[in-house]
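Working notes, structure below.
The values are calculated or read from the model by the stated rules, or taken from the named source; none is laboratory data. This is a predicted model, so every value here is computed, not measured. A quick note on method: Cβ atoms are made from the backbone with ideal geometry, for glycine too, and the neighbour counts reach across all protein chains shown.
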Amino acid sequence: MCYAWVAVLGLLWAQSPLYPLNPYQPAFEAAYSRHPILPRGLLEAWAYMQSRFVPLVPQDPSCVGLPQGWGLFGWVADGKGFFRENMALIMRLSGLPESRLRSDPELQIEAAARAIEALMQARGLRKTDYAALAGLFLELSYLPLSPEPAQDFARQSELFELYRFLVDPKAAAFYGFVPWPVSLPELFGENYKVLSSTQVIITEDEIRTPEGYTYRTTNNTDYPGALWDPAASCNYSSRNGTAITHVTVHTVQGTYAGCISWFKNCNAQASAHYVIRSSDGQITQMVREADKAWHVGSENPYTIGIEHEGYINNPSWYTVAMYQASSALVRDICQRRSIPRTSVWFGDACSGSTSNCLTKSCIRIKGHQQYPNQTHTDPGPNWNWDYYYRLIAGPTYTVTQTLTAPSGTVYDPGGASGDYANNQRYFIKIAPPGATSITLTFQQFNLENAFSSSTKGGDYLYVYDGDTVTAPLLRRLTGTTLPNPITSTGGVVLLELRTDCSTPMAGWQLTYTATLSAGGSTDNVPPTTSIDSVPDWVTGNFTVSFQDQDDGGRSVEKAFYLVLYDSAGDWRASAERGFFSDNFVGPAIHPDWTPVKGTWLILDPGNGDPVLRQDDENSADASNTNLYAYLRQDLSNRYLYHWAARFVGGSSTNRRMGLHIFADNPTSPNRGNSYFVFFRLDGSQYVQLYKVVNDSWGSGPVAQVSYPFQAGVWYDFKWSYDRVTGDHRVYINNQLVLSWKDATPISSGSYISLRTGNALVEYNNFKVYRSRPNSGSVTVRVGPAVTDDIRRQSDHPAHYVARVRSVVQDSAGNLSSMPARDIRVDWTPPTAPSRVWDGSDLLADTDVFGQDTVLAATWGMADDPHSGVAAYQYTLATTVGDSNVIGWTATSSTSYLLERVPAGTLQQGVTYYVGIRARNGAGLLGPATYSNGFVVNLVTTGVGQAALQGLAAVVIPNPSQGPAVVWVTGPIGKSCIVRVLSPLGQEVATIEGQSGLPIALPTLSPGVYLLRIEVAEVGVAFARWAVESR
């Protein structure tokens, strides 16, 4: 039965597609607007293939017992132990309940869009990765993943049907999308001739066409996001039934392409299940997981091997894209193989082989060098196990306890008397309202510490200076030594316990005490600021208004704002307009900066948030490094400089870091004339402020204050300077630490400069704000010029490309929070429609109209890459470019026009031109495209009388190669009888319907037919219908 069923499906799939009307097209359009990552046509292809746009409801059982699907996309809830139950997958990916997914077509469309978007984001796919989406379709299918040839043929046949729809210009024109630029012969290779054949012969031994073309199985990968490129069979063998329990992390010590090629060479005598590319995380599977790859010697039988492109001594190969792709693969393996996702090695990276790096056997996900009996040293000392653990065990996590009392006692998950558990990841957040700092004091501490033993393992307590695992790490603790007290720099502390697979211990007991905001007469209350509503879309310069207030109704002393724009994932600001922004996303330092001295580079410290690092501590240039940038600093009275930085350790005894502002000679040793703040780590720890005149800072700092800096701790720095009053204020972690007033302030200087001295330093999130009127308004300039504030447009309709931030300062030096408003930008009108055809025929232009009450036209879609095409307008004129008959009018249609016009609008013998133009999401109108004109001729068509009676009939599509409907315009809701007459006048079919609704026409042999439509109480209309062969 299985083979017969597949053969029938093959024959069905091989037929030319039929394109029925899609009654849910508005819902599809809305889904694309909400999920702009989806390429258009994809949802329609899926629905067409499974339901022909008629929602499925399992009722009568199939005559062959075939499991039935639900809805527009045929999702299977009961696969009868054979089909995959993809309804459950859709529920998980979309977050929508099955009860509603069974009955609500519009919700089914939204669920499909969410599911595809989730898989695309997980695999890093773009909307233009048309061929790569094939693996995603296979993952969403209900068909079994069995490697049996017949099942492989079924999966590929379904995929072929999907892509044939997507590349077909007729489908694209009918459903309003651009044909996908995919070559089916290239996509399906040597199987194309079999998949496209009208006859397929399936036997026990092979699948072939009558012409002798044989189907080759594709060996679809175990992981849907991977490519399949098998290793030579001489380089792997059978597991002989051994269960898979572990995953091995490797480094190729070579390139991605070289590794794939090597595993095809029998002399290699080696292989791995997967190989991952550094640049973008592409994954190639070379050995089925069910087989034993040869990658970790004696430990091969129970492991899956993953090779990562690169070399162990060069961390630049270990990219974020590769970590994310690898972790997604491992999460999928863990789910399928019942491997705990928390059983990843999370200790330090190791140098050496088994003798130095062996870990507990129960740690399931670890490096090659950490298994027994190994001489290899990969992935080596540069692999970021902490980051990898968080990606695999997470990437999301749940805080189990949140403590808000000002003080209290905290125990590990085992409580006051019990032990914590194995393979545990447990979070506790301490966040008392109003806290400015929190001190942790330990009374008991006992965590397993075998990280330095011959067989490594153990447990860690992580203490973060904030409420997420990306906050600065205050301490990582293990062992039995009672830790020193820990004090946060803010009002929230997050505790994370990670345990390995054995030897749980008693854990800890600690007490915490929060320092709360002081009361009394001292002003410790920060001011507030808010940003009034801004347009959701802007097309040019616009006004932003702010509301600022200090406590007690007092006015703030100074208000600041910053305008940013997203430049390909990098939030920048206009230096010519007095703003600056750099999040140091890399991979290289942005050209806004000029390095003069020091070793400046962008690197990822392992948390997925790249930083700027100065990496020279000991050279001749290390005592005064210099990275400068242009910034206009004369447009406002006061500027606010905001950045994060930390000392990264090192061996120097005089480590320092800081910033120059208002510099006029950035290449001089002390930047010409400038101000300079220095933060000193060693010896006498100070915050120091210098004034530089003629490249000399004279006798030393003009102001300084002690501050207890610690290496490895991130600090939030802010520095405000008023070039009119000379007031300086320096903040650390939002606390004012230093103030000074210059009687002769420097009022100009076009550069800023980062500076370190004999220190390894990391900077991040560098921003510069300008002052603005308090509770006032500013004009934000929009356009591509260097003198504009926002210089980029949205990349797609959901892209908020611009952001306005605000912060205010009161007279006591308190700073507010920093609210923001996000904005979408499009200053470019949409393109003109690619063509306009008169008439209702979707495939050709009509030159003569045989009726005068309905205006019909079709058009090719316009485009707008920024805000998208939101709607279309039409006009009717007797001259191209005019709108003298029907003025510009909105239509809800996206590809065709069918509008009734008042009697007398269309005149016999007159040539008319239909104009179509698009309006984008930002409200801009694009240029119009006009048709080549049509003439109204009621005489030769024989339907003049119908037109005079106010009736018209339009066939869509016409000519047709499949299903077609006739629309009868005139009084709505009147009973109609449609008589289909042959060329000889014989009545071949009769259909009943109602005016104003589509009336389905029967399937007839090719030819030209006359439709006589009798409308009760109104009259008779006629239409000509051409049926073409398929």
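Brief remarks on what is shown
- The one condition in (1) in contact with a strand residue (DSSP E or B) (Cβ under 9 Å, 6 or more places away or on another chain); (2) assigned to a helix (DSSP H, G or I); (3) surrounded by fewer than 20 Cβ atoms within 10 Å (Cβ to Cβ); (4) not acidic (D, E) that K170 fails to fulfil: (1)
- Answer from G887, G904, G868, G850 - the residue that is surrounded by fewer than 19 Cβ atoms within 10 Å (Cβ to Cβ) and either in contact with a strand residue (DSSP E or B) (Cβ under 8 Å, 6 or more places away or on another chain) or not assigned by TED's automatic domain parsing to the domain that holds S834 (or both): G887
- Index of the failed condition, I823 passing every other in (1) in a loop (DSSP other than H, G, I, E, B); (2) surrounded by 19 or more Cβ atoms within 10 Å (Cβ to Cβ): (1)
- Residue in the stretch 645-672 that is surrounded by the most Cβ atoms within 10 Å (Cβ to Cβ), counting only those that are more than 17 Å from S619 (Cα to Cα) and of a type in the set (S, T, Y): S668
- Filtered residue count, the stretch 739-756, keeping only those that are touching a residue at least 40 places away in the same chain (Cβ under 8 Å) and either among the hydroxyl-bearing types (S, T, Y) or surrounded by 21 or more Cβ atoms within 10 Å (Cβ to Cβ) (or both): 11
- Matching option when the condition is buried (at least 22 other Cβ atoms within 10 Å of the Cβ) and touching a strand residue (DSSP E or B) at 6+ places or on another chain (Cβ under 9 Å), among C350, C334: C350
- Scanning the stretch 388-429 for residues that are among the aliphatic types (A, V, I, L, M), over 16 Å from A514 (Cβ atoms) and surrounded by fewer than 16 Cβ atoms within 10 Å (Cβ to Cβ) yields V399, A416, A421.
- E299 being of a type in the set (D, E), surrounded by fewer than 24 Cβ atoms within 10 Å (Cβ to Cβ) and modelled with pLDDT under 95: no
- First in the stretch 1003-1014 and more than 17 Å from I991 (Cα to Cα), second anywhere and surrounded by 15 or more Cβ atoms within 10 Å (Cβ to Cβ), Cβ under 6 Å, 6 or more apart: P1006/V1027; G1007/V1027; V1008/A1026
- Screening the stretch 978-1001 for residues that are over 15 Å from V954 (Cα atoms) and touching a Gly at 6+ places or on another chain (Cβ under 9 Å) and picking the one that is surrounded by the most Cβ atoms within 10 Å (Cβ to Cβ) gives S982.
- Qualifying strands (runs of 3 or more DSSP E) (wholly inside the stretch 458-542; at least 3 residues being more than 30 Å from P340 (Cα to Cα)): 507-516, 528-531
- Residue list for the stretch 360-374, filter: hydroxyl-bearing (S, T, Y) and modelled with pLDDT of 95 or more: Y371
- Selected residue (only one of G586, G608 is over 30 Å from P773 (Cβ atoms), in contact with a strand residue (DSSP E or B) (Cβ under 7 Å, 6 or more places away or on another chain) and not in a strand (DSSP E or B)): G586
- Residue within the stretch 199-208 that is under 23 Å from Q961 (Cβ atoms) and either over 31 Å from the mean Cα position of the chain (by Cα) or surrounded by 16 or more Cβ atoms within 10 Å (Cβ to Cβ) (or both) present: yes
- Those residues of the stretch 757-770 which are crowded, with 22+ Cβ neighbours inside 10 Å and small (G, A, S), in sequence order: A759
- Residue within the stretch 740-752 that is assigned to a strand (DSSP E or B) and among the acidic types (D, E) present: no
- Residue within the stretch 630-637 that is within 30 Å of D826 (Cβ to Cβ), touching a Leu at 6+ places or on another chain (Cβ under 9 Å) and either at pLDDT 95 or above or buried (at least 20 other Cβ atoms within 10 Å of the Cβ) (or both) present: no
- Pairing each residue of the stretch 33-53 that is free of Cβ contacts under 8 Å to residues at least 60 places away in the same chain with any residue that is surrounded by 23 or more Cβ atoms within 10 Å (Cβ to Cβ) and assigned to a helix (DSSP H, G or I), provided the two are 6+ apart or on different chains, yields C-beta distances under 6 Å for F53/A47.
- All of (1) assigned by TED's automatic domain parsing to the domain that holds K718; (2) assigned to a loop (DSSP other than H, G, I, E, B); (3) more than 34 Å from the chain's Cα centre (by Cα) hold for H799 with one exception: (3).
- Verdict on R755 being part of a strand (DSSP E or B) and modelled with pLDDT of 95 or more: yes
- Residue count, the stretch 273-315 (criterion: within 21 Å of W383 (Cα to Cα), touching a residue at least 40 places away in the same chain (Cβ under 8 Å) and among the aliphatic types (A, V, I, L, M)): 6
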